[in-house]
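The values are calculated or read from the model by the stated rules, or taken from the named source; none is laboratory data. Predicted, not measured: the structure shown is a model, and the values here were computed from it. Backbone-built Cβ (ideal geometry, glycine too); neighbour counts: all protein chains shown.
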Amino acid sequence: MVNVLTSNKNRVQNIAVIGAGIGGLTAAALLAKRGFQVTVFEQADIPGGCASTFRRRGFTFDVGATQVGGFEPGGIHWQIFEELGVPLPESAPCDPACAVYLPGESIPINVWRDPERWRIERQEHFPASEPFWQFLSDLFARSWRFQGRQPVLPPRHPWDLWQTLRAMRWDTLGTLPFIGSTVADALTGFGLAGDRRLRTFLDLQLKLYSQVDAGETALLYGATALAIPQAPLGINHLHGSMQRLSDRLVEALKNIMASSIVGSRCMPLS
Ligand SMILES: Cc1cc2nc3c(=O)[nH]c(=O)nc-3n(C[C@H](O)[C@H](O)[C@H](O)COP(=O)(O)OP(=O)(O)OC[C@H]3O[C@@H](n4cnc5c(N)ncnc54)[C@H](O)[C@@H]3O)c2cc1C
């Protein structure tokens, strides 16, 4: 896609996007906005992929994704919808983002949206762990600024490498020693490897965000995943289910170019 957008020679005008998940729909809508003729092919009956929903006996179920980040001003979905010129789907902030009941406990650990409230909550539950959280917070801040400058990771072409190098600053260098580390390594570094409650809490949170526990979650990714629920970022729940996000992207795409969306089983979605 990058070559298509940047190459002046042999500029492609007609683009086929395979799959109407959030990724395909976002790419298709942005390409259409930039003047390309786009056709999206989807094998399922509805768009959305892992972020779609289905109905059974009057209830609506999310297929996969239930919460969405990047709705805050400057956030990734905010930027995309700004560029498309359509409003974000209506949503409510998740606060707490999560209420975690550790095995055998009846009082939840609430991951509050307000950073100060979350700091007090975690200090009550994990009194010795604050230096660990501050370390994660510092890594997150450096890494988030880097990600905001849009590196292409992992770099597969010289252009990707150039974008990634351009996104680096002096403060990014502070994250480099931790590229090969896991969240569990950081726990060990702060003398917290034996804290079973903290480890279980982190494992539960990280399995949600990275599908693996602290022993397998890359530290830089873990620092980001654990920080996103707090303001000024935060995660949201869409009014009317996750389907609203892909529906809004389809709507934008149609508005931009009266695009034909067809199923690869010849099943029109419109
Ligand atoms: C259980 C679960 C929970 C999740 N929870 C969250 C969450 O709370 N928050 C969050 O942000 N993310 C969550 N995610 C992740 C998020 O849902 C996905 O990262 C995102 O939806 C992926 O979008 P995608 O477009 O890359 O891929 P997909 O959603 O997989 O879309 C790919 C699309 O391509 C179609 N397709 C594939 N091959 C073909 C073909 N040959 N021809 C035509 N069509 C084809 C598929 O049918 C599908 O519609 C969750 C994921 C899962 C599975």
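What pairs can you find where one residue is in region 72-89 and outside the structural domain of Thr26 (by TED's automatic domain parsing), the other is of a type in the set (S, T, N, Q) and assigned to a helix (DSSP H, G or I), and their Cβ atoms are less than 8 Å apart, with a gap of 6+ or different chains?
From region 72-89, the pairs are Ile80/Thr26; Val86/Asn255.
Answer yes or no as to whether Pro115 is in the same structural domain as Leu226 (by TED's automatic domain parsing), under 30 Å from Asp195 (Cβ atoms), surrounded by 12 or more Cβ atoms within 10 Å (Cβ to Cβ) and under 23 Å from the mean Cα position of the chain (by Cα).
Yes, satisfied.
From the list Gly23, Gly49, Gly19, pick out the single residue that is under 12 Å from Met242 (Cα atoms), out of contact with any Pro (no Cβ under 7 Å at 6 or more places or on another chain) and modelled with pLDDT of 95 or more.
Gly49
Give the number of residues within region 227-242 that are surrounded by fewer than 21 Cβ atoms within 10 Å (Cβ to Cβ) and outside any loop (DSSP other than H, G, I, E, B).
2
Kindly provide the set of residues from region 47-97 that are buried (at least 17 other Cβ atoms within 10 Å of the Cβ), more than 10 Å from the ligand (Cβ to nearest atom) and over 16 Å from Ala227 (Cα atoms), ordered by number.
Within region 47-97, Thr53, Ile80, Phe81, Leu84, Val86, Leu88, Pro89, Ser91 qualify.
Would you check which residues across region 98-112 are surrounded by 13 or more Cβ atoms within 10 Å (Cβ to Cβ) and of a type outside the set (Phe, Trp, Tyr) and list them?
Cys98, Val100, Leu102, Pro108, Ile109, Asn110, Val111
Scan Leu139, Leu161 and give me the residue that is more than 24 Å from Gly69 (Cβ to Cβ), assigned by TED's automatic domain parsing to the domain that holds Tyr209 and surrounded by 14 or more Cβ atoms within 10 Å (Cβ to Cβ).
Answer to the selection: Leu161.
Restricting to region 65-90, what's the tally of residues that are small (Gly, Ala, Ser) and under 13 Å from the mean Cα position of the chain (by Cα)?
4
Return a yes/no flag: does region 108-116 have any residue that is assigned to a helix (DSSP H, G or I) and more than 27 Å from Leu249 (Cα to Cα).
Within region 108-116, one or more residues are assigned to a helix (DSSP H, G or I) and more than 27 Å from Leu249 (Cα to Cα).
Which one of Ala141, Ala128 is modelled with pLDDT under 95, among the hydrophobic types (A, V, I, L, M, F, W, C) and under 30 Å from Leu192 (Cα atoms)?
Ala128
Which residues, taken from region 25-46, are away from the ligand (no atom under 12 Å from the Cβ) and either over 16 Å from Leu249 (Cβ atoms) or not assigned by TED's automatic domain parsing to the domain that holds Met257 (or both)?
Residues satisfying the conditions are Gly35, Gln37.
Restricting attention to region 178-206, which residues are assigned to a loop (DSSP other than H, G, I, E, B) and more than 21 Å from Ile109 (Cα to Cα)?
Selection gives Ile179, Gly180, Ser181, Phe190, Gly191.
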